[in-house]
Structure formats: structure tokens, C-alpha cells
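First the structure, in the form of C-alpha cells, and then the observations on it.
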Amino acid sequence: MTIIDVHTHMLSQEYVDLLVAESGTYTLSGGVVHRAGASFLTLTPGMFDYDLRLAAMDRAGVDIAIVSLTCPSVYWGGPEVSERAARLTNDQMAAAQRRHPDRIRFLATLPWQYPERAVAELKRATDLGAVGVMVLANIDGVSLTDARFADIWAAIDEAELPVLLHPTTPPGVEAQDMGGYHLVWSVGFMFDTTLALSRMILSGFFDRYPRLKVIGGHAGGCLPFLMGRLDAGHRSWESVRASISDLPGSYADRILVDSICYDPRALELTVSVFGPDNVLYGSDFPHRNGHMEEIIGLVRGLPGDQAGRVLGGNAARVFRL
């Protein structure tokens with residue numbers, strides 16, 4: 001059984017140095033990147049070293065890792081800085097893919113806040129071998145469905161590239177007292193992904209971009225639990241029906257999600273809502289919460305042939321591997 005990890009991260013010291021020097025928002029202390037004084041990203045050795053990654057993959061039995069940058073991606077700095085950070089990341093990941101063609105693939109990083117540059121970098125990254133795109137669930141507080149990003153989505157749709165929709169800090173966390181207990185990670189990230197996917201469904205986004213393959217990180221946030229509520233809202237209010245005539249739940253087969261949910265009951269619900277062909281194995285390695293073996297064990301508890309599809313079969317189809 002081939003196991004393919006679609007949600008797993010790499011970065012570089014050059015990226016971290018650029019983030020700290022040019023963002024004006026992020027600082028580094030004791031191996032932790034901070035935002036507004038709160039812990040944001042804990043750096044681990046596996047984020048920087050492909051040899052460590054491959055050894056960990058061997059121990060876990062993971063055959064292929066589709067690596068991507070993590071948040072805050074490159075949505076900071078001016079146009080030149082953001083583009084520079086994206087190009088740096090794509091070049092380094094492409095080099096790793098060339099060195100390890102049987103084990104490593106990568107998702108393109110784009111300077112989304114500068115659409116013309118993002119479209120140009122999408123073309124350059126795919127020429128380098130990118131098999132998809134990673135985007136955060138909001139672009140420095142701006143919704144992904146905002147009209148300013150239409151040209152980027154159109155280019156991705158035309159290329160029929162999968163997109164990993166990855167959470168980041170949602171707007172308003174300071175006002176909601178989410179600075180402690182890693183609530184941004186445990187709750188805020190889930191809210192960020194849920195809101196982004198819900199807005200995509202309700203705005204008609206998936207009708208405008210019919211070839212898009214969006215992979216909602218962390219099992220689609222809370223969407224498996226809330227899909228019925230979206231349907232109830234659609235039946236109850238005209239405003240919810242403004243852009244789509246079909247129930248929101250009918251879009252479930254258009255959305256892919258990963259398997260990072262840490263609980264067999266949550267995974268069972270996720271598979272039930274989205275279908276066993278739309279759930280892909282992801283680990284979140286090498287974050288401190290990202291353990292390949294843990295999620296593999298979770299997925300292996302699925303009934304029948306579902307485990308094989310989730311662990312690798314679905315990703316092989318979606319990414320044409």
C-alpha cells in the first residue's frame with residue numbers, strides 16, 4: 001500500500017531570516033517565531049532537513065511527501081519581498097524534488113496579495129514541477145473569495161491544480177482572548193478553515209471554478225459537523241440562497257479534506273460527510289503536533305478498503321502520481 005502525505009511542511013533558514021527581518025510583525029526568540037508577543041510557530045529540526053524527513057518517512061512507512069510551506073506563508077512585506085520569499089521557497093522545494101524524485105513533491109507558494117506576481121509565480125513554479133498550490137485560509141485578513149484574487153483562481157482552475165487550503169491566524173483573535181493555551185492552533189485554525197470553505201460554498205465559488213480541487217486542512221475544520229447547519233440556513237433564509245440554489249451539503253463531493261483530526265469519531269464523521277474518495281492522508285509533520293504514525297494508525301481503523309484509499313489511493317488520483 002502506497003502512503004502519500006498531502007499535508008506536511010518544510011521551510012528554510014533563509015525564509016525564517018527574511019520573515020523576521022522584513023515582516024515587521026514576526027520576531028524570533030528561543031527557536032519560536034512570535035506574532036504580537038504570542039507564540040506562533042515553533043521551529044523543529046525536521047522543518048529544515050530533508051534527510052531527517054526521509055528517515056522519519058521510512059520509520060512511519062510513508063512513501064511520498066507533498067511538501068508545502070506553513071503559515072504565515074509569504075503574506076507579509078511589500079511586493080518584492082513577498083515575491084522573493086515565494087521564489088526562494090519554490091526553488092528550494094523544487095531542488096528537493098529533483099534530488100528525491102521518488103519521495104518528494106511540492107506545492108507552490110504564491111504572493112497572493114499581489115495577484116499579477118502570483119499568477120506569474122504560479123507558472124514558474126509549475127514549470128519547476130509543482131504538483132499543486134498551498135494557500136492560507138485568509139490572505140492577511142482578506143477572504144479568499146475576494147474579487148481581487150479572481151485571476152489567481154482562474155489560472156489555478158485552468159491548470160486543474162489541487163489546492164491545499166491551510167489555516168492561519170483568523171482575524172480578531174486578540175479581541176477574542178485567544179492568546180493563551182494555544183487556542184489559536186486548537187480552535188482558531190479550525191474556525192479559519194471552516195469560514196473559508198463555508199464562504200466558498202455559499203458564494204458560488206465552486207460553480208465559478210468547476211475544475212478546482214480544494215483540500216481543506218485539518219479535516220475541513222468544523223465543516224463536517226456544521227454541514228447540516230449550513231443546509232438548515234439555506235432552507236431558512238433567502239440571503240443564504242443568493243448565490244447557490246442547491247443545498248450547501250450537495251457541494252461536499254466537490255471538496256477534499258485531509259485526515260488530520262486526532263480522533264476516530266471525528267474521522268468517521270469526516271468520511272461520512274465528504275465520502276471515502278475525498279479524504280486524503282495528511283500528518284502536519286514536522287510540527288510538534290504532527291506525527292505521521294499517529295494519523296496512519298487513525299486511518300487504518302477505517303472499515304473495509306477505505307483506509308487504503310485515504311492513505312494513498314485518493315492522493316495518487318488527485319495529484320496524478
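The values are calculated or read from the model by the stated rules, or taken from the named source; none is laboratory data. Please read these numbers as outputs of a predicted model, since none were measured by experiment. With ideal geometry, Cβ positions are generated from the backbone for all residues, glycine too; neighbour counts draw on all protein chains shown.
Quick notes on this structure:
- Among the residues making up region 38-68, a single one is aromatic (F, W, Y) and touching a Leu at 6+ places or on another chain (Cβ under 8 Å): F48.
- Residues in region 296-321 that are farther than 16 Å from L256 by Cβ, part of a helix (DSSP H, G or I) and of a type outside the set (D, E, K, R): I296, G297, L298, A307, G308.
- Residue list for region 2-20, filter: hydroxyl-bearing (S, T, Y) and part of a strand (DSSP E or B): T8
- Meets criteria (surrounded by fewer than 18 Cβ atoms within 10 Å (Cβ to Cβ) and among the β-branched types (V, I, T)) for T42: yes
- Beta carbons closer than 6 Å, at least 6 apart along the sequence or on distinct chains, pair a first residue in region 295-321 that is in contact (Cβ under 8 Å) with a residue 24 or more places away in the chain with a second that is surrounded by 13 or more Cβ atoms within 10 Å (Cβ to Cβ) and acidic (D, E) for N314/D277.
- Taken together, G301, G297, G313, G308 contain a single residue that is surrounded by fewer than 23 Cβ atoms within 10 Å (Cβ to Cβ), of a type in the set (G, A, S) and in contact with a helix residue (DSSP H, G or I) (Cβ under 7 Å, 6 or more places away or on another chain), which is G301.
- V240 vs. criteria in contact (Cβ under 8 Å) with a residue 24 or more places away in the chain, of a type in the set (A, V, I, L, M, F, W, C) and touching a Phe, Trp or Tyr at 6+ places or on another chain (Cβ under 6 Å): no
- Residue match in region 187-203 (condition: at pLDDT 95 or above and surrounded by fewer than 19 Cβ atoms within 10 Å (Cβ to Cβ)): yes
- Count of residues meeting criterion [outside any helix (DSSP H, G or I), touching a residue at least 12 places away in the same chain (Cβ under 8 Å) and either touching a Phe, Trp or Tyr at 6+ places or on another chain (Cβ under 8 Å) or loosely packed, with under 14 Cβ neighbours inside 10 Å (or both)] in region 21-36: 8
- Checked across region 150-160, the condition of being over 18 Å from T89 (Cβ atoms), touching a strand residue (DSSP E or B) at 6+ places or on another chain (Cβ under 7 Å) and in contact (Cβ under 8 Å) with a residue 24 or more places away in the chain holds for no residue.
- Matching entry among D253, D207, D177 (being surrounded by fewer than 16 Cβ atoms within 10 Å (Cβ to Cβ), farther than 21 Å from C71 by Cα and modelled with pLDDT under 95): D253
- Of all the listed residues (R53, R59, R84), the sole one being surrounded by fewer than 16 Cβ atoms within 10 Å (Cβ to Cβ) and among the basic types (K, R) is R59.
- In this entry, A154 is excluded by the filter for residues that are in contact with a Leu (Cβ under 9 Å, 6 or more places away or on another chain) and at pLDDT 95 or above.
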